[in-house]
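See structure below.
The values are calculated or read from the model by the stated rules, or taken from the named source; none is laboratory data. Quick caveat, the model's predicted, so the values are computed rather than measured. Please note: Cβ atoms are built from the backbone with ideal geometry, for glycine as well, and neighbour counts cover all protein chains shown. Heads up: the accessible areas ignore ligands, DNA and RNA and are worked out on the full protein's heavy atoms, side chains in. Shrake-Rupley method; radii C 1.70, N 1.55, O 1.52, S 1.80 Å.
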Amino acid sequence: MVEHSRELRRIVSGGQTGVDRAALELGRATGIPIGGWCPAGGWAEDLADPPGVRALFPELLETPSSDPGVRSEWNVRDSNATLVLLRPDVDSPGTEATIEAVRRLARAHLVADVGDVATVRTWLDGLPAGVVLNVAGPRESEAPGIHDQAVALLAAVLVAEAEA
């Protein structure tokens, strides 16, 4: 089977804890170029002081605004498709803003449970080659453990499967 990572041109995310960070880590680990927008100063909940998340991911660019909503909007705008990973028990205003942005900007997207590997794999398989994929979801403080869940799902769909 062909590696999914070869089909993606780039993974973008805002670098917040949780799903965003998992996507950037998996992209880097699998050799998929990474990037995206982060708030001014590189703000993330665990890295509030400049350079913030850019200390971990210098590939990220800063928006002129410290509002995380601008970062989310620009990552949707600059991507071909957005994957939103969440859990049904979690309320995340930032994730809801991303979902509103993909609908408003009419971008391809999937909103999926962070444990639903089959649905995410099928959706990714249906995307054209060379896609810039935005990955978003709740931050770790809103959904404790979601980082590790997102890492597991993304590894399952982005890492080459062993030949049968």
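Annotations for the structure displayed:
- Residue within segment 136-159 that is within 18 Å of Gly15 (Cβ to Cβ), touching a Ser or Thr at 6+ places or on another chain (Cβ under 8 Å) and in a strand (DSSP E or B) present: yes
- Filter result for Leu154 (closer than 19 Å to Arg21 by Cβ, touching a helix residue (DSSP H, G or I) at 6+ places or on another chain (Cβ under 6 Å) and not basic (Lys, Arg)): yes
- Qualifying residue in segment 84-92 (condition: in contact with a helix residue (DSSP H, G or I) (Cβ under 7 Å, 6 or more places away or on another chain), over 20 Å from Ser141 (Cβ atoms), of a type outside the set (S, T, N, Q) and modelled with pLDDT of 95 or more): no
- Selection within segment 22-52 - in a helix (DSSP H, G or I) and more than 21 Å from Val131 (Cβ to Cβ): Ala40, Gly41, Gly42, Gly52
- The set of residues from segment 6-29 being open to solvent by 40 Å² or more (accessible area, probe 1.4 Å) and of a type outside the set (Lys, Arg) comprises Glu7, Glu25, Ala29.
- The residue that is most open to solvent (accessible area, probe 1.4 Å), among those in segment 53-100 that are of a type outside the set (A, V, I, L, M) and assigned to a strand (DSSP E or B), is Glu62.
- Among the candidates Val151, Val111, Val159, Val117, the residue that is open to solvent by 30 Å² or more (accessible area, probe 1.4 Å), over 23 Å from Gly35 (Cβ atoms) and hydrophobic (A, V, I, L, M, F, W, C) is uniquely Val117.
- Boolean, Val131 is closer than 18 Å to Arg10 by Cβ, open to solvent by less than 60 Å² (accessible area, probe 1.4 Å), out of contact with any His (no Cβ under 9 Å at 6 or more places or on another chain) and of a type in the set (Val, Ile, Thr): yes
- Filtering Ala129, Ala106 for residues that are free of Cβ contacts under 8 Å to residues at least 60 places away in the same chain, of a type outside the set (Lys, Arg) and in a loop (DSSP other than H, G, I, E, B) leaves a single hit, Ala106.
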